[in-house]
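S.K.: Pasting a structure here, questions to come.
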Amino acid sequence: MSVALAFDNIFVILFLVGTVGGSALEELLSFINYRSRRKKGNKVPKELYGYVDSALLKKTCAYRDELYALSVPEHFLSLLLSLVLAFSGAYVFAAHFFFVLTGSIYLTAIGFLFAVSLPPLLLSIPFDLYRVFHIEEKYGFSTITLPLWIADGVKSLLLSVLLSVPLVCIAVFLLLRVSDWWWLLLGVVYVAFSLLFSFVYPVLIAPLFNKFSPLESRDLQERLERLLVRTGFSSKGIFVMDASRRSRHSNAYFTGFGKNKRVVLYDTLLEKLSVGEVEGVLAHELGHYRLHHIAMRLMVMIPLVFAVLFALSVFVKMPSLYRGFGFTPELSAVVTDGVVEEQVLPYIWFVGIFLAGLVFGGFSLLFSLVANIFSRRHEFEADRYSGELCGTSRPLITALIKLNKENLAEVSPPKIYSLFYYSHPPLLERIKALEELDSRLQG
């Protein structure tokens, strides 16, 4: 089945600009980062003398180069797949097929969304396998077995279905029954669902994938609990996650919402850091809580959800959105201020939501640029809070260096690359800010 896309259609133009242009920008940034590694990736910065050597940096470059080499064909095939699906009429065929098969708008929406998400998923599998079982294993990170990897994938897929199907059904119901205000009600449902998910995640979802055990070290337990008391952070406890079953990468985080908040430390983190360094890392995470960063993000994200849904409520009524991609929607005449307008009937609006996401999805890198600016600012603030809470920033500095070394992370990527891809400031920028703070604290 072939569909002639209307290349003079504004939505098709935006789709091509975003999809092709976004991919080109992504490859350009990755190439700039690659060239920077080739030129100076093996040089030890003066800030890291005594902590790292050129052999480690050479290994880091080799690891990152292999990930980059894998990403090039992956991104190219992903771009090609996006264009083929749009040009071949696959989306039109899928919507028509499931409606003829089921005769139900609800089942059509579920089947359609499953069908259009399947090709990208299948494409990603061989690249994920190579990344995990060759590159990550080669550099000592991956510890996962193939049966566990498959089990994780099956669990994730089932969980995705269980969570998404009710939301899709609710969305379709609102589209059909509350055609003028569906976006507002759907926004309320989405926000409520997200908060509920955050609340139940630590006790119902996370244990499906990992084992969480109480912290065994008495000294570390007492020091971390004193930190929690000093910052007024109440939680269900401090837990150690068996991250080493899958990877040697390290992390620590807070999870949950309300009374279900938990502090989670990777077992790999405890293996690599001293008690003082773990304390510094936790103090950083507590900084996000005390400085209300999570609340700030919610204050931005919740209005943004409603704004996006309102924009979608406008787009889904536009016949040109559908016609540009080969659909021939049924229309109704609407009189607005004496002007007759054609609008798409509500039963196909779920397709319009998908097409709008397709059109604007290619611009996600630009949205990341803005989001990363605020995220990096929050990370600097949390670093500063950690130093002030602990009375010194040295433990956090050495912890960051160790984690950077153990994860084979780049120490000084090009500024333009980090702006687009780094939600956290690069290592050298964090060290500089923390050392300046430490000089003030000790002076």
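The values are calculated or read from the model by the stated rules, or taken from the named source; none is laboratory data. The structure displayed is predicted, hence computed values, not measured ones. Using ideal geometry, Cβ is built from the backbone for each residue, glycine included, and neighbour counts are taken over all protein chains shown. These area figures cover heavy atoms from the full protein model, side chains too; ligands, DNA and RNA do not enter into them. Shrake-Rupley method; radii C 1.70, N 1.55, O 1.52, S 1.80 Å.
S.K.: Among the residues of segment 307-325, is there at least one that is among the charged types (D, E, K, R) and surrounded by fewer than 16 Cβ atoms within 10 Å (Cβ to Cβ)?
M.R.: no
S.K.: For segment 205-220, give me each residue that is open to solvent by 40 Å² or more (accessible area, probe 1.4 Å), farther than 30 Å from L163 by Cβ and outside any loop (DSSP other than H, G, I, E, B).
M.R.: R218, D219
S.K.: Let me ask something else. Counting only residues that are surrounded by fewer than 12 Cβ atoms within 10 Å (Cβ to Cβ) and modelled with pLDDT under 85, which one in segment 223-241 is farthest from C390 (Cα to Cα)?
M.R.: Among residues in segment 223-241 that are surrounded by fewer than 12 Cβ atoms within 10 Å (Cβ to Cβ) and modelled with pLDDT under 85, the one farthest from C390 (Cα to Cα) is S234.
S.K.: Here's a follow-up. If you check every pair at least six apart or on different chains, which have Cβ atoms under 7 Å apart with a residue in segment 38-67 that is more than 17 Å from I431 (Cα to Cα) first and a residue that is surrounded by fewer than 15 Cβ atoms within 10 Å (Cβ to Cβ) and of a type in the set (G, A, S) second?
M.R.: N42/S54
S.K.: Only one of these conditions is not met by S439: (1) closer than 25 Å to S364 by Cα; (2) free of Cβ contacts under 8 Å to residues at least 40 places away in the same chain; (3) open to solvent by 20 Å² or more (accessible area, probe 1.4 Å); (4) of a type outside the set (D, E, K, R). Which number is it?
M.R.: Just one mismatch for S439, condition (1).
S.K.: Of the residues that sit in segment 337-385 and are more than 30 Å from I397 (Cβ to Cβ) and in contact with a Lys or Arg (Cβ under 7 Å, 6 or more places away or on another chain), which one is surrounded by the most Cβ atoms within 10 Å (Cβ to Cβ)?
M.R.: V344
S.K.: If we keep just the residues of segment 65-91 that are over 15 Å from F15 (Cβ atoms) and of a type in the set (A, V, I, L, M, F, W, C), which is most open to solvent (accessible area, probe 1.4 Å)?
M.R.: The extreme case among them is F76.
S.K.: Just the residues that are under 20 Å from the mean Cα position of the chain (by Cα) and open to solvent by 50 Å² or more (accessible area, probe 1.4 Å), please, taken from segment 130-148.
M.R.: R131
S.K.: Can you tell me which residue within segment 242-261, out of those that are part of a strand (DSSP E or B) and open to solvent by 40 Å² or more (accessible area, probe 1.4 Å), is modelled with the highest pLDDT?
M.R.: Among those residues, the one meeting the criterion is Y253.
S.K.: Further, regarding this structure: Which one of A6, A55, A24 is surrounded by fewer than 17 Cβ atoms within 10 Å (Cβ to Cβ), under 27 Å from F141 (Cα atoms) and of a type in the set (G, A, S)?
M.R.: When all the criteria are applied, what remains is A55.
S.K.: Quick one: which of H288, H293 is closer than 18 Å to I397 by Cα, within 20 Å of the chain's Cα centre (by Cα) and open to solvent by less than 30 Å² (accessible area, probe 1.4 Å)?
M.R.: H288
S.K.: Only residues in segment 191-209 that are under 20 Å from S235 (Cβ atoms) count as the first member; pair them with residues that are open to solvent by 70 Å² or more (accessible area, probe 1.4 Å), Cβ under 6 angstrom, at least 6 apart or cross-chain, and list the lot.
M.R.: S198/F257; F199/F257
S.K.: W349 versus (1) assigned to a helix (DSSP H, G or I); (2) modelled with pLDDT under 90: which is the lone unmet condition?
M.R.: (2) is the only condition that W349 fails.
S.K.: If you scan segment 62-106, which residues turn out to be outside any helix (DSSP H, G or I) and polar (S, T, N, Q)? Steps first, answer last, please.
M.R.: Going residue by residue through segment 62-106, those that are outside any helix (DSSP H, G or I) are 89, 103-104.
Hit for segment 62-106 is S104, nothing else.
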